[in-house]
Amino acid sequence: MPSFSSSFDSFDCNTMCGILAVLGCIDSTQAKRSRIIELSRRLRHRGPDWSGLHCHEDCYLAHGRLAIIDPTYGEQPLYNEDKTIVVTVNGEIYNHKVLHEKLKSHQFHTGSDCEVIAHLYEEHKEYVFFIH
């Protein structure tokens with residue numbers, strides 16, 4: 001039987017954000033919202049720098065942020081200008097400065113590298129994931 005321990009020995013479980021999504025939640029009471037906040041707090045060790053919650057109808061999106069780029073103003077979830085697109089991300093967009101320059105018609109609210117995703121999706125919809 002192969003041993004996988006060597007490939008995970010140097011893996012640090014605290015180098016990523018914590019994301020919680022609850023979709024199709026029929027219960028919209030304050031008690032349910034409190035329970036979702038409680039569940040997101042259990043991910044706090046993943047993203048100790050900031051946490052945010054977005055609720056729309058029967059869907060909740062919570063994000064525990066590990067701040068790397070724009071630690072002061074890069075809170076998530078991230079939005080487009082009119083908040084019709086909501087994004088939460090664990091990752092880094094290496095070419096975000098180039099993409100930001102191409103999106104001059106958009107208003108950015110953070111310095112987060114990931115905010116470009118909301119604006120790219122707004123312009124290109126699902127094709128944004130195929131841009132090279």
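The values are calculated or read from the model by the stated rules, or taken from the named source; none is laboratory data. If you're wondering where the values come from, they're calculated on a predicted model, not measured in any experiment. For neighbour counting, all protein chains shown are included, and Cβ atoms are generated from backbone atoms with ideal geometry for every residue, glycine included.
Got a sec? Which of Asp12, Asp27 is at pLDDT 75 or above, loosely packed, with under 14 Cβ neighbours inside 10 Å and either of a type in the set (Asp, Glu) or over 24 Å from Phe108 (Cβ atoms) (or both)? Show your work before the answer.
Values: Asp12 fails: at pLDDT 75 or above.
Exactly one residue qualifies, and that residue is Asp27.
Restricting to the range 73-108, name every residue that is buried (at least 18 other Cβ atoms within 10 Å of the Cβ), farther than 22 Å from Val22 by Cα and β-branched (Val, Ile, Thr).
Residue satisfying the conditions is Ile93 alone.
Whether any residue in the range 119-130 is at pLDDT 90 or above and either of a type in the set (S, T, N, Q) or under 23 Å from Met16 (Cβ atoms) (or both) is what I want to check.
The answer is yes, given that some residue of the range 119-130 is at pLDDT 90 or above and either of a type in the set (S, T, N, Q) or under 23 Å from Met16 (Cβ atoms) (or both).
Does any residue in the range 74-92 that is without any contact (Cβ under 8 Å) to a residue 60 or more places away in the chain and within 14 Å of Thr110 (Cα to Cα) come within less than 8 Å, Cβ to Cβ, of a residue that is outside any loop (DSSP other than H, G, I, E, B) and of a type in the set (D, E, K, R) six or more places away or on a different chain, and which pairs are these?
So the pair list comes out as Gly74/Arg65; Gly74/Glu115; Glu75/Arg65; Gln76/Arg65; Leu78/Glu115; Asn80/Glu122; Val87/Glu115.
Any idea how many residues of the range 109-125 are crowded, with 22+ Cβ neighbours inside 10 Å and either over 14 Å from Lys97 (Cα atoms) or touching a helix residue (DSSP H, G or I) at 6+ places or on another chain (Cβ under 6 Å) (or both)?
So the answer is 3.
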